[in-house]
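A.B. asks: One structure, as structure tokens, below. Some questions next.
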Amino acid sequence: MLRPVEMSRVVVAGSKNVMESVVEKLHELNLMHIVNYTGGADYFEQGKTMGKGKEFSENLIKLRSIERYLDIKPKAPDVRFAESQIISQMDDLLGRLANDVTSTYERITAIEAEVKSKQDQINALRPLAAIDLPIELYSGYETLAVFVGTVESAVDADVAKVAPKSEVFTGSFKNTTVVAVFVPVEKASEVQAILAEHGFAEISVPKLTGAPDVAIATLEAEIKRLESEKEPLQKKLKDLKKQYEDIILAADEYLSIQTQKTDAPLRFATSENAFVIDGYVPSADYDKLKSALESTTGGRIHVERLSESEMEELVEKKGEDIPTKIENPGIVKPYELITRLFAIPEYKEFDPTLLIFVFFPIMFGMILGDVGYGIMIILVLMMLKKKFRTEGWTQLINIVMIASVWSIIFGLIFGEIFGPMGLWGKIFGQLPHEEILALEESGRFFGEGVFGPLGRVGPMGMFPLYRLATNAVLMLIGVSIFIGVLHCGIGSILGVKTELNYGEKKHAYFERLPVLIFQVAFALLLLGLVLGFMPLVYLMGLLVVVAIVMMVMGPEGVMGATHLPFYVSNLISYLRLLAIGLASVGVAFAANKLAFGVIMPMLSGGEHLTMVAYIVGVIVLLVVHFINLLLGILSPFMHPLRLHYVEMFTKFYSQHGGGVEYSPFGHVRRYLKV
Amino acid sequence: MAITDAGVMYGLLAVGAGLATGLAGIGAGVGEQGIGAAVVGVVAEEPGFLGKGLFLMLLPETLIIFGLAVSLILMFAWSPFAALL
């Protein structure tokens, strides 16, 4: 679990006349991660597409274009089809349906283009309506130049100066002046210069006839007609989508599988009569692969597993990446999402998913720590689970769900149901007033709630721990930092082991190990100081010095010791477990106090609770708690995420760059029957 | 001006604690602003970078925790300061 699945480097070789059945079998097994042949060996070259490969890929392109026109996207499958069903309907899909869809879609696009051009014409005509000349009069002259457009100031006088034989029509449209200037052709360039001075912007006059108003009305009527033609066409596409969506997705899957198979030889090394496939297989499945291939070819195939050292050599000399297959039990699996979000581990590294599964929910719970909020989140997620069924969402929902269970557990420890002191006291009871005062007096106040008849439990009657009490804050500071020591410590241990896996002894013992010693010793030193237990302080001080010396002796030399502030800040960073929690308790506490302590008594004026006071109080309570809950999902999620990514992963993870994920040759069928 | 009143002393400590957390928060915010914008840019180009982007964006967050640590020391371990009176 903590390590990726063990892989074996495998070579499959055989004669070309069994290639097709080998490909078929490999695809069915879905086991072998193929290493692409990149050339370089004598007598071997890249293979060629087999059989009907070209036809399949052409069909796939055709089908994909239908999918685009119909706006079909991958979705959770409703119905599954048998392959024979797909093959028998393929001609219909790619012939009749494709033509129908394409012509409908093209007609819609044509209509849209036409509507757009008519709209442009209308926009050009609107200002011309202010001048009210028939449109055909703007063009078709041999001796006249015509300028139509908007200007910023009046032009008549200036135009008349350069071209006495001219005519200027002026109108106004929406705060701008529209002009149509008719001048003799030989004066055109001079007039143009004059117009430019007046901020002339040309309007291109559409080639139409009649008065602008009438033309606009005609165009508008035509747009309306086109729109009414478009509507049933769009509805037709929608209906077709509804009818054919499932089978098109299944056909897409079928064709993808076929092209995958026919294109497979492109990844093999082939000679005139033989082929060689390189790849990786999980070691546990090697025998299964071997016997399956041998039985399907009647023994006319050679399957060989390379030794550990040969595999090592390929990685080092040819830069091959051993694929990483991370495997975790069902309940841990959702947390792979968090691992993947950062990087896939390399084959020799550790898969941190299990650690995330252990620590992440505890941290989430410790920050949120409220029975009421925990139950609310679980209820909401149960509803969402039915709606969001894609893999990513399900994983995310499961992560938060497990974390919420921890939030309920910590809620019991902290004595919080929708904030401290509210419902808890009503349900589980609380200490009498005099006893609270006595506890506060003696400085041993950890909260006032009780576990029903059990009373307060734990050393010094610590639980339920009221998080806003001074004693509790001080204790939680210590707890947070020691969770950090544990968390980082495990990271460091994995770091040492990872470096050893890579054979980097110096890095392991003088870079990773001193971090572990330093962080543990530093935290214990602080503990010694707080407790005033001097022997511990001296011993740990010594260890801190030893760790620093080791760092200086490490591969980075004196620079190694410059990372010290980072390791100290690593530990302090865990204070957020306390701090974010305090903020959320604070808001919940304020909500309860505001509603019960301020608004309700104030509105009822000291008498018995009035109806209005009750309603207003409850509304305030709901709103503030709702906001707190929203924040209460976000920050307890983000901050532990950071603690994992920044504080823990830096100790051991992806120091050598991310890995390549194991993706075996094959296909997991979603829309086709297996 | 010598401070002789424990109440004034405590009040000043509280102001100091508030400033420590508040200013550290502003600092962390300023730091994250630039990184955040850059990360959004990168993720728009390449969604696979989200995890590493988050990692980079959350780095300056420790700053505010430092401020908070100082505040906590001021508020809860203030007896050494009281001894100055």
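The values are calculated or read from the model by the stated rules, or taken from the named source; none is laboratory data. Since the model is a prediction, treat every value here as computed from it, not as a measurement. Note that we place each Cβ from the backbone using ideal geometry, even for glycine, and neighbour counts take in every protein chain shown. These accessible areas exclude ligands, DNA and RNA; they are computed on the full protein's heavy atoms, side chains included. Shrake-Rupley method; radii C 1.70, N 1.55, O 1.52, S 1.80 Å.
A.B. asks: Is it true that some residue in region B:46-63 is more than 13 Å from every other protein chain (Cβ to nearest Cβ) and among the aromatic types (Phe, Trp, Tyr)?
C.D. replies: Within region B:46-63 (the criterion being more than 13 Å from every other protein chain (Cβ to nearest Cβ) and among the aromatic types (Phe, Trp, Tyr)), the answer is no, since none of the residues qualifies.
A.B. asks: Now, a different point. Within region A:175-194, is there a residue that is of a type in the set (Ser, Thr, Tyr) and in a strand (DSSP E or B)?
C.D. replies: Let us first name the residues in region A:175-194 that are of a type in the set (Ser, Thr, Tyr), namely A:176-177, A:189.
Still in the running and in a strand (DSSP E or B): A:176-177.
So far as region A:175-194 goes, yes, one or more of its residues are of a type in the set (Ser, Thr, Tyr) and in a strand (DSSP E or B).
A.B. asks: Among (1) over 22 Å from residue A:356 (Cβ atoms); (2) open to solvent by 30 Å² or more (accessible area, probe 1.4 Å), where does residue A:483 come up short?
C.D. replies: Just one mismatch for residue A:483, condition (1).
A.B. asks: Also, I was wondering about something else. With over 29 Å from residue A:596 (Cβ atoms) and in contact (Cβ under 8 Å) with a residue 40 or more places away in the chain as the only criterion, which of A:480, A:407 stands out?
C.D. replies: A:480
A.B. asks: I'd like to know if region A:428-437 contains one or more residues that are under 30 Å from residue A:668 (Cβ atoms) and out of contact with any Ser or Thr (no Cβ under 9 Å at 6 or more places or on another chain). Outline the logic, then answer.
C.D. replies: Just the residues of region A:428-437 that are under 30 Å from residue A:668 (Cβ atoms), to begin with: none.
Scanning region A:428-437, I find no residue that is under 30 Å from residue A:668 (Cβ atoms) and out of contact with any Ser or Thr (no Cβ under 9 Å at 6 or more places or on another chain), so the answer is no.
A.B. asks: Next question, about the same structure. Being more than 21 Å from residue A:466 (Cβ to Cβ) and in a helix (DSSP H, G or I) is the filter here; which residues of region A:348-372 pass it?
C.D. replies: Applying the first criterion (more than 21 Å from residue A:466 (Cβ to Cβ)) to region A:348-372 yields A:348-361.
If the condition is that a residue be more than 21 Å from residue A:466 (Cβ to Cβ) and in a helix (DSSP H, G or I), then A:353, A:354, A:355, A:356, A:357, A:358, A:359, A:360, A:361 are the ones that fit.
A.B. asks: Please work out which residue is most open to solvent (accessible area, probe 1.4 Å), limiting yourself to region A:290-347 and to residues that are within 14 Å of another protein chain (Cβ to nearest Cβ) and not in a helix (DSSP H, G or I). Steps first, answer last, please.
C.D. replies: To start, the set of residues in region A:290-347 that are within 14 Å of another protein chain (Cβ to nearest Cβ) comprises A:335-345.
Now drop any that are not not in a helix (DSSP H, G or I), which leaves A:343-345.
On the way: A:343: 8, A:344: 26, A:345: 0 Å².
Among those residues, the one meeting the criterion is A:344.
A.B. asks: Quick one: in region A:583-598, which of the residues that are open to solvent by 30 Å² or more (accessible area, probe 1.4 Å) and not basic (Lys, Arg) is nearest to the other protein chains (Cβ to nearest Cβ)? Lay out the reasoning, then the answer.
C.D. replies: Going residue by residue through region A:583-598, those that are open to solvent by 30 Å² or more (accessible area, probe 1.4 Å) are A:583, A:587, A:589-590, A:593-594, A:596-598.
Next, only the ones that are not basic (Lys, Arg) stay: A:583, A:587, A:589-590, A:594, A:596-598.
Numbers: A:583: 10, A:587: 16, A:589: 17, A:590: 17, A:594: 21, A:596: 26, A:597: 22, A:598: 23 Å.
Out of the qualifying residues, it is A:583.
A.B. asks: With the structure loaded, tell me whether residue A:659 is outside any helix (DSSP H, G or I) and within 14 Å of chain B (Cβ to nearest Cβ) or whether it fails that test. Break it down stepwise before answering.
C.D. replies: Details: outside any helix (DSSP H, G or I): yes; within 14 Å of chain B (Cβ to nearest Cβ): yes.
It is true that residue A:659 is outside any helix (DSSP H, G or I) and within 14 Å of chain B (Cβ to nearest Cβ).
A.B. asks: Here is a further query. So, residue A:375, is that one of a type in the set (A, V, I, L, M), closer than 18 Å to residue A:644 by Cβ and out of contact with any Phe, Trp or Tyr (no Cβ under 6 Å at 6 or more places or on another chain) or not?
C.D. replies: Values: of a type in the set (A, V, I, L, M): yes; closer than 18 Å to residue A:644 by Cβ: no; out of contact with any Phe, Trp or Tyr (no Cβ under 6 Å at 6 or more places or on another chain): yes.
So residue A:375 does not fit the description; no.
A.B. asks: If you take the residues in region A:568-582 that are facing another protein chain (nearest Cβ under 8 Å) and hydroxyl-bearing (Ser, Thr, Tyr), which one is least open to solvent (accessible area, probe 1.4 Å)? Break it down into steps so the answer makes sense when it comes.
C.D. replies: At the first step, the residues of region A:568-582 found to be facing another protein chain (nearest Cβ under 8 Å) are A:569, A:572-573, A:575-576, A:579.
Still in the list and also hydroxyl-bearing (Ser, Thr, Tyr): A:569, A:573.
Working: A:569: 19, A:573: 0 Å².
Across region A:568-582, the extreme among qualifying residues is A:573.
A.B. asks: Moving to a separate point now. Find all pairs meeting these conditions: Cβ atoms under 7 angstrom apart; at least six residues apart or on different chains; first residue within region A:91-120 and in contact (Cβ under 8 Å) with a residue 12 or more places away in the chain; second residue among the basic types (Lys, Arg).
C.D. replies: From region A:91-120, the pairs are A:94/A:62; A:98/A:62; A:104/A:236; A:108/A:230; A:111/A:230.
A.B. asks: Right, another one. Considering only residues that are small (Gly, Ala, Ser) and without any contact (Cβ under 8 Å) to a residue 24 or more places away in the chain, which ones fall in region A:40-78?
C.D. replies: Of all residues in region A:40-78, those small (Gly, Ala, Ser) come to A:40-41, A:47, A:51, A:53, A:57, A:65, A:76.
Passing the criteria: only A:40.
A.B. asks: Evaluate region A:465-477: report whether one residue or more is under 23 Å from residue A:592 (Cα atoms) and more than 14 Å from every other protein chain (Cβ to nearest Cβ). Don't jump to the end; show me each part of the working.
C.D. replies: Filtering region A:465-477 for residues under 23 Å from residue A:592 (Cα atoms) gives A:465-473.
The next check asks that each one be more than 14 Å from every other protein chain (Cβ to nearest Cβ); those that pass are A:465-466.
There is at least one residue in region A:465-477 that is under 23 Å from residue A:592 (Cα atoms) and more than 14 Å from every other protein chain (Cβ to nearest Cβ).
A.B. asks: So the check is Cβ under 8 Å with 6+ separation or different chains; which pairs have a first residue in region A:225-236 that's under 19 Å from residue A:70 (Cβ atoms) and a second one that's open to solvent by 60 Å² or more (accessible area, probe 1.4 Å) and in a helix (DSSP H, G or I)?
C.D. replies: Close Cβ pairs satisfying both conditions: A:230/A:112; A:233/A:107.
A.B. asks: Quick one: residue A:418 ticks every box in (1) touching an Asp or Glu at 6+ places or on another chain (Cβ under 9 Å); (2) touching a residue at least 40 places away in the same chain (Cβ under 8 Å); (3) open to solvent by less than 40 Å² (accessible area, probe 1.4 Å) bar one, so which box is it?
C.D. replies: Failing condition for residue A:418: (3).
A.B. asks: Please enumerate the residues belonging to region A:516-561 that are open to solvent by 80 Å² or more (accessible area, probe 1.4 Å) and either polar (S, T, N, Q) or farther than 22 Å from residue A:481 by Cα (or both).
C.D. replies: Of everything in region A:516-561, those that are open to solvent by 80 Å² or more (accessible area, probe 1.4 Å) and either polar (S, T, N, Q) or farther than 22 Å from residue A:481 by Cα (or both) turn out to be A:553, A:556, A:558, A:559.
A.B. asks: I would also like to ask the following. Within region B:3-30, track down each residue that is in a helix (DSSP H, G or I) and modelled with pLDDT under 90.
C.D. replies: So the first thing to find is which residues in region B:3-30 are in a helix (DSSP H, G or I), and the list is B:6-30.
Result: B:6, B:7, B:8, B:9, B:10, B:11, B:12, B:13, B:14.
A.B. asks: Does residue A:110 count as among the aliphatic types (A, V, I, L, M) and either under 30 Å from residue A:225 (Cβ atoms) or open to solvent by 80 Å² or more (accessible area, probe 1.4 Å) (or both)? Walk me through it before giving the result.
C.D. replies: Working: among the aliphatic types (A, V, I, L, M): yes; either under 30 Å from residue A:225 (Cβ atoms) or open to solvent by 80 Å² or more (accessible area, probe 1.4 Å) (or both): yes.
Judged against the criteria, residue A:110 is a match.
A.B. asks: Report the residue count in region A:115-158 for those that are open to solvent by less than 40 Å² (accessible area, probe 1.4 Å), part of a loop (DSSP other than H, G, I, E, B) and aromatic (Phe, Trp, Tyr).
C.D. replies: Residues that pass the stated criteria total 0.
A.B. asks: Still on this structure, please answer the following. Mind checking which residues of region A:607-656 are in a loop (DSSP other than H, G, I, E, B), open to solvent by less than 90 Å² (accessible area, probe 1.4 Å) and either within 11 Å of another protein chain (Cβ to nearest Cβ) or out of contact with any helix residue (DSSP H, G or I) (no Cβ under 6 Å at 6 or more places or on another chain) (or both)? If you could, list the steps in order and put the result at the bottom.
C.D. replies: Of all residues in region A:607-656, those in a loop (DSSP other than H, G, I, E, B) come to A:607-610, A:653-656.
Applying the additional criterion that residues be open to solvent by less than 90 Å² (accessible area, probe 1.4 Å) yields A:610, A:653-656.
Answer for region A:607-656, where residues must be in a loop (DSSP other than H, G, I, E, B), open to solvent by less than 90 Å² (accessible area, probe 1.4 Å) and either within 11 Å of another protein chain (Cβ to nearest Cβ) or out of contact with any helix residue (DSSP H, G or I) (no Cβ under 6 Å at 6 or more places or on another chain) (or both): A:653, A:654, A:655, A:656.
A.B. asks: Tally the residues that are surrounded by fewer than 17 Cβ atoms within 10 Å (Cβ to Cβ) and assigned to a loop (DSSP other than H, G, I, E, B), restricting the search to region A:203-241.
C.D. replies: Total meeting the criteria: 5.
A.B. asks: Condition (residue is assigned to a loop (DSSP other than H, G, I, E, B) and under 28 Å from residue A:653 (Cβ atoms)) applied to region A:7-15: is it met by at least one residue? Talk me through it step by step, then tell me what you get.
C.D. replies: In the first step, residues of region A:7-15 are kept if they are assigned to a loop (DSSP other than H, G, I, E, B); the result is none.
No, the conditions are met nowhere in region A:7-15.
A.B. asks: Taking the condition of being within 11 Å of another protein chain (Cβ to nearest Cβ) and either more than 25 Å from residue A:641 (Cβ to Cβ) or of a type outside the set (Phe, Trp, Tyr) (or both), how many residues in region A:543-567 meet it?
C.D. replies: The total comes to 1.
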